[in-house]
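In what follows, a structure is listed as structure tokens, so that the remarks can point back to it.
FYI, it's all coordinate maths here, none of it is from the lab. Everything numeric in this text was worked out from a predicted model, so none of it was measured. Virtual Cβ from ideal backbone geometry, glycine too; neighbours counted across all protein chains shown.
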Amino acid sequence: MNTTSANNPPLPPTPAFNMLRTLGLVATLSGLLVVLSYQVTLPMIERNKQQAIEKALYKVVPGAVQRKDFVAIEERIELLDTQPEGTLLYAGYDQTGQLKGIALETAAAGYQDVIRLLYGYDPYCQCIRGIQVLKMAETPGIGDKIIKDARFQQNFEALEARMHPSGKGLQQAIVPVKQGNKTEAWQIDAISGATISSNAVARMLNETSQHMVPIIMKNLPIMEQF
Ligand SMILES: Cc1cc2nc3c(=O)[nH]c(=O)nc-3n(C[C@H](O)[C@H](O)[C@H](O)COP(=O)(O)O)c2cc1C
């Protein structure tokens, strides 16, 4: 004899409408929370980014003690307004308002993740004067040498990035060479055992400079006015 059905009466059918209503409510609340946390954290993220850039700027533009921000829109450069819609450029000036160099952001895929750098461009020697990491996840003791290795950093004391006489791109591409093989001012002496990270630095500096150096050189008077 089947006693189960007699002792346990069948469960009532699940009310589909109530279930859907609850699910909808949970989904709406989760969505609202995501939007809210994005809205709350966005200004903080922006502020942190600006602080990181400010700190790095004075290291990659030697002699700079004050800054003015610009934006490159296609081929022209103008003072940064509230809504940037182009490539940001951070011009560094000395105490007298003399332009000392321009800092630019650049990025490329490294060994682990994207490496983001700020680098300083000196338009008077048409060379790169320094790099600072804004973000990286390269392996400690290997890839992070791009910032910790003094010998690698020497590459950026005066790395040539001269505008091509045609006004398009660089006269010489910035290229990495195996450690100890640097013979030219536009070459980057790589780190042995960390070729991937070294090459990423060379690649990003070359790509950004090929595009931005002609724009900077053609619009220099705008940035020279403090
Ligand atoms: C666990 C591990 C982590 C590594 N991390 C990096 C790194 O952050 N950057 C890098 O360029 N190479 C890294 N390498 C080494 C690369 O795999 C590669 O061997 C090296 O970049 C080649 O350099 P070389 O041509 O000078 O020998 C790592 C290797 C291992 C096993």
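Quick notes
- Order of 204, 136 under a 10 Å beta carbon neighbour criterion, fewest first: 136, 204
- Packing-based exposure ordering (other Cβ within 10 Å, fewest first) of 224, 46: 46, 224
- Net charge contributed by nearby residues that have their C-beta within less than 15 Å of residue 184 (K/R +1, D/E -1): 0
- Of 209, 192, 30, the one that fluctuates the most in a GNM where the chain has Cα springs shorter than 10 Å: 30
- If you take the alpha carbon atoms of the range 17-108 and fit the smallest convex hull around them, that volume is 154 Å³ per residue.
- Near the amide H of residue 159, within less than 5 Å, lie the amide hydrogens of 128, all on another chain or at least 5 residues away, with H placed in the peptide plane.
- Kirkwood Rh, Cα atoms: Rg over Rh of the range 1-67: 1.63
- FRET efficiency for the residue 20 to residue 74 pair, using the beta carbon distance and R₀ = 41 Å, is estimated at 0.20.
- Summing Cβ point charges (Lys, Arg +1; Asp, Glu -1) relative to the Cα centre of the chain gives a dipole of roughly 360 debye.
- In the range 89-161, chymotrypsin sites (Phe, Trp or Tyr not before Pro) in a DSSP loop with at most 15 other beta-carbon atoms within 10 Å: 124
- Panel order for 164, 211, by other beta carbons found within 10 Å of each beta carbon, from fewest to most: 164, 211.
- Between the listed residues 51, 126, 186, the Cα displaced farthest toward the positive end of the dipole of the range 48-224, a dipole computed from Cβ unit charges relative to the Cα centre, is found at 186.
- Efficiency of FRET from Cβ geometry, residue 55 and residue 32, R₀ 45 Å, rounded to 0.05: 0.80
- Of all DSSP bridge pairs formed entirely within the chain, close to 90 percent run antiparallel.
- GNM flexibility winner over the chain from 20, 29, 104 (Cα, springs under 10 Å): 20
- Kirkwood-based shape ratio for the range 41-157, expressed as Rg/Rh from alpha carbons: 0.98
- Spacing of the two label points (7 Å from each Cα toward its C-beta) at residue 83 and residue 172, in nm: 4.4
- Helix 16-60 axis, angle to the chain major axis (alpha carbon atoms, nearest 10°): 20
- Built amide H within the under 5 Å cut-off of residue 101, gap 5+: 92
- D_trans [Stokes-Einstein, Kirkwood Rh over alpha-carbon pairs] for the chain, 25 °C, 0.890 mPa s, µm² s⁻¹: 120
- Relative contact order %, the chain, counting alpha carbon pairs below 8 Å whose residues are six or more apart: 15
- Full-extension gain in nm, residue 226 to residue 109, via 0.36 nm per residue minus C-alpha separation: 38.6 nm
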